[in-house]
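Quick note: the coordinates plus some simple rules give every number you see, no bench work behind them. Owing to the predicted nature of the structure, the values given are computational and were not obtained by experimental measurement. We place every Cβ from the backbone using ideal geometry, glycine too, and count neighbours over all the protein chains shown.
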Amino acid sequence: MRHQFVKLYQGGLAYRGERIVNWDVAAQTTLSELEIDREERKGQMSTLRYQLADPATPASNGEAGEILIATVRPETIFADQAIAVHPDDERFRHLIGLQARIPLTKRLIPIIADEAVEMGFGVGALKITPAHDPTDFEIGERHGLARPSVIDLNGNLTSDLVPEAFRGLERFAARKAVVKALEAEGALVEQKDHVTAIGISERTKVAVEPIVSTQWFVNMKPLAARVLEGLDAGDMKLLPERYTKVNRDWLENIRDWNISRQLWWGHQIPAWYDEEGKVYVPSLQNPDLDCDQDPQYAHLTLRRDPDVFDTWFSSNLWPFSTLGWPDLASEDFQKFYPTQVLVTGYDILFFWVARMQMAGYAQTDRAPFERIMLHGLYLDEKGQKMSKSKGNGIDPLELFGQYGVDASRFAFAFLSTGGQDIKHDPRRYEQGRNFANKLWNAARFATLNFQKADEAGLLGESGTDDAQMVFKRYVHHALYERSDDPIRSRDALAQVKAQPELLTLADRWIISRLDAVTREVSGLLDALDIGAAIRALYSFTWDEFCDWYIEAAKPALQEGRLGTLVTVKAVLEHILKLLHPVMPFVTSELYQSLGHRRQLAVHTWPEGDDSLHDDEATRAFETLRAAVSAARSLKNELGLSPQERLNIALDGEKAGVVLDNRAVVEGIARVNLVPSLEGRTLSAVEAGLSVLAPLEGTVDIADWLGKQKKRLTELDKQISQAQGKLGNAGFVARAPAEVIEEEQRRVQDFSAQKVRLEAVLAQF
RNA sequence: GGGCGGUUAGCUCAGUGGUAGAGCAUUCGCUUCACACGCGAGAGGUCGUAGGUUCAAGUCCUAUACCGCCCA
């Protein structure tokens, strides 16, 4: 911080000067623009009558010999230095350069013209009080006006300019007293309600008082310009991209930064003053040497500035002060700077991010980071910002206690999308908790099956010539804690995939899906889309791995099939690795329970492997899923309980695939596949497949027929829609070939379904 | 005044120009040998409104209404 300040000061970018600053009368300190909230408050706008020096002057916005001005702060009239009008305002043109008298004290002030005056505001003319308003301060600077103050640091009226009756009055009490006096004198023309945006101290909630004071500032324009160049050059990318404009706009309209604070805590400013008030700051060569210890100043009596730095003046050093700066040759700095990604909420884009950008270039001549990911704010259940004063905060520790840390992390991640704010929703934590539980139970299922296989002697190590020994060891490893894996799960997958005779269709399917999901998740994380990544993992783990794969694997596991044991272990371990960043605790625990001692966090991240791809298995398994769903649906229709077995028959061109894997379908859906059925049948019609069931049990035929007719209408609609597209010359000419083929496929598929459905309905 | 985001199922929200999705809630069935924090089968949206672009729009463009945020 010292180095930063010295470098800025010696480079002419930090300076001490008299400026208008925001004063917090409660905290007794200055505030930066960012520490102030704007609030709309009801107040009064007063129109005041100022007498012109020459009573014969023609009328402008009032009677002859007077000018009316509008103000929301009548108590500051004693510090007035001018009346300002817009140079183009016809009403006042003849008054520019003349003089008017402040009411009550009758002091003369000039009438000036300045573009900053809004012609439409109030009565067109404003009193200019440079010491008590930032805009007035600027106008005063342009016109060389003095800036006497009439309000002290406690917010009370003070100064010889103020009539004795008002001296010492608190600013808001003074306002009332002055208005009363103005009214008595006939200087108050009118007072009407007016809503003004006023500055409120974020911390003390007190109205900020603009005062003129000598403070330390940083000249921001050159620093901001360097960042803008960097943004142009693409040194830093913001995510979401729309914040780039916000970032730029702020930098382009930046004002000098008041960095000195009158607080007891904080880093004291390394500046000293001699008895004449001259400033001494350490040299660039030896920034750590206090000036009052510096032999070259031994002849002087130096006093250190009691003020401290604004807290962000240290925070902005974070990207490099953590890496060895100011030693730019340090190992950490060389290796890690610029950092790859900064993750933070968009609400501190100006406070922190922009200042790190400026400090980065100023101190290291480089951008501090490559990517800036701005996430949304976590809001309460009603969508309001959490704040101490509102008392609507949510204690994360309570949530952790209630749902678990992993469940909470899951909730944050699942809800995060593109920098959108997040509304608190306990249901998302329940979802996370349930998911952790699901994962736990899936792992338990796996371990139980490994144990069963071991007990059945399937994992025995006798016969070292066994070509499958490596797979046996791989599964066996899950049952005992060892320091290293005999084989990594990614290698196990690749090797077992190379021996298709070991695998079932379900195994090949889940391995192929795992590969696709691994790539998808890696890509999403690279793009910093954590929400999409966790959503993909959630649905893969629950809907595909647990609901379909584990169920489909049960028959093979009953048989003690080695390839399936390997697949279960390897896929589960992969899932644990992919989930680990979001749910570190449960995944670590489960990973260790599978025989690993090494921390999951230090494992390599799973990568895609083309050899795991299996489109044929994917398509075939989709057919099995359709068959199972259709069979279950029929059982529901027939009012059968899940454990009652139903005889079903198949129809359609994909029936063969189902028959090849009949154990899976019969096991999951609890049905018996029979070659054909006697008598009338119900059917569930799917793409390429119909599942037929005998008409028995408690089925409501009318209800079923109604549904099927609706389905038939739906099929007709789909067919005619697709045919309509194919009959459209524009579509055929311009749509991509895949899309056209897809429509053709749909026509065929729906037509085939229609034929099969009609055949079944013909029985009734 | 300027800028940004949002508006999709009852609720909270995803959605990449090509057949609208999730969790919860809801209806029906199930203690099926990992899990009732569970399993299965359902029901439920003309994607704020009005135009436009396109073979094709929840998605792109314009306007507009409402909600919210930032800056002045």
With θ set to phi - 60°, apply the Karplus curve 6.51 cos²θ - 1.76 cosθ + 1.60 along segment A:530-539 and write out the HN-Hα couplings as whole Hz, x wherever there is a Gly or Pro.
5, x, 5, 5, 6, 5, 5, 5, 4, 6
Taking R0 as 60 Å, what's the FRET efficiency between A:LEU397 and A:ALA56 from their Cβ-Cβ distance, rounded to 0.05?
0.20
Alpha carbon convex hull of segment A:246-358, volume per residue in cubic angstrom
148
Set the Förster radius R0 to 56 Å, insert the Cβ-Cβ distance between A:SER720 and A:GLU18 as r into 1/(1 + (r/R0)^6), and round the FRET efficiency to 0.05.
0.10
Calculated FRET efficiency for the pair A:THR196/A:ASP88, C-beta based, R₀ 22 Å, to 0.05
0.30
Tell me the mean residue ellipticity at 222 nm calculated for chain A from its helices only (DSSP H runs of n ≥ 4, each -39500 (n - 2.57), averaged over every residue, nearest 500).
-12500 deg cm²/dmol
Determine which lysines satisfy two conditions relative to A:LYS7: a Cα distance under 30 Å, and not lying fewer than 8 residues away in the same chain.
A:LYS221, A:LYS237, A:LYS245, A:LYS278, A:LYS335
Linear extension gain, A:VAL72 paired with A:PHE731, 0.36 nm per residue minus alpha-carbon span
230.6 nm
Summed side-chain charge close to A:ALA630 - residues other than A:ALA630 whose Cβ falls under 13 Å, Lys, Arg +1, Asp, Glu -1:
+2
Grab the eigenvalues of the alpha-carbon gyration tensor for segment A:639-686, scale each by 5, take roots, and send me the semi-axes largest first in whole angstrom.
17, 15, 9
Taking a 23 Å limit on the Cα-Cα distance, which of the listed pairs A:LYS438/A:LYS569; A:LYS497/A:LYS569; A:LYS106/A:LYS127; A:LYS569/A:LYS654; A:LYS635/A:LYS707; A:LYS554/A:LYS754 fall beyond it?
A:LYS569/A:LYS654; A:LYS554/A:LYS754
Name the residues of segment A:402-419 whose amide N is less than 19 Å from a point 7 angstrom out from the Cα of A:GLU241 along the C-beta direction?
A:417-419
Pseudo-spin-label distance A:LYS335 to A:LYS388, built 7 Å along Cα→Cβ, given in nm, is 3.9
Using a simple charge model, +1 on the beta-carbon of Lys and Arg, -1 on the beta-carbon of Asp and Glu, nothing else, what dipole does segment A:222-326 show about its Cα centre, in debye to the nearest 20?
460
Relative contact order for segment A:166-274: what is it in percent, counting Cα pairs under 8 Å that are at least 6 residues apart?
23
Which aspartates and glutamates have a Cα less than 12 Å from the Cα of A:LYS390, not counting those fewer than 8 places away in the same chain?
A:ASP380
Any trypsin sites (Lys or Arg not before Pro) in segment A:652-730 that lie in a DSSP loop and have at most 15 other Cβ atoms within 10 Å would be A:ARG680
Quick one: what Rg and Dmax do you get for segment A:1-120 from the alpha carbons, in Å?
20.0, 63
Multiply the residue gap between A:LYS452 and A:ASP152 by 0.36 nm, knock off their C-alpha separation, and tell me the result in nm, one decimal place.
99.6 nm
Determine ³J(HN,Hα), in whole Hz, for all residues of segment A:95-105 in sequence, where each value follows from phi through the Karplus function 6.51 cos²θ - 1.76 cosθ + 1.60 and θ = phi - 60°; x replaces Gly and Pro.
9, 4, x, 7, 10, 9, 9, 5, x, 6, 9
Inter-label distance, nm, simple model (7 Å from Cα along the C-beta direction), A:ARG371/A:LEU659:
5.2
Counting only DSSP beta bridges with both residues in chain A, tell me the antiparallel percent, nearest 5.
80
Report the per residue volume, in Å³, of the convex hull enclosing the C-alpha atoms of segment A:468-607.
99
Cα centroid distance between segment A:598-625 and segment A:80-109, in Å?
81
Between segment A:316-373 and segment A:429-445, what is the C-alpha centre distance in whole Å?
39
Let me know the Rg and Dmax you get for segment A:378-441 when you use only its Cα atoms, in Å.
12.5, 43
Could you tell me which chymotrypsin sites (Phe, Trp or Tyr not before Pro) in segment A:187-272 are loop residues by DSSP with no more than 13 other beta carbons within 10 angstrom of their beta carbon?
A:TRP264, A:TRP265
Principal axis lengths of segment A:118-160 from Cα atoms, whole Å, largest first?
34, 23, 17
For chain A, with +1 on Lys and Arg beta carbons and -1 on Asp and Glu, the positive-most of A:TYR346, A:MET386, A:LEU8 along the dipole:
A:MET386
Over what distance in Å are the Cα centres of segment A:142-185 and segment A:204-274 separated?
32
For segment A:590-670, what mean projected area does the convex hull of the alpha carbons give, in nm²?
8.8
Calculated Rg and Dmax of chain A using C-alpha coordinates, Å:
38.9, 122
Where nothing but the Cβ of Lys and Arg (+1) and of Asp and Glu (-1) is charged, how large is the charge dipole of segment A:654-764 around its Cα centre, in debye to the nearest 20?
220
Lys, Arg +1 and Asp, Glu -1 on Cβ, resulting dipole of segment A:203-267 about Cα centre, debye, nearest 20:
260
Taking 0.36 nm per intervening residue step and subtracting the Cα-Cα distance, what contour gain separates A:ALA498 from A:VAL755 on full extension?
88.4 nm
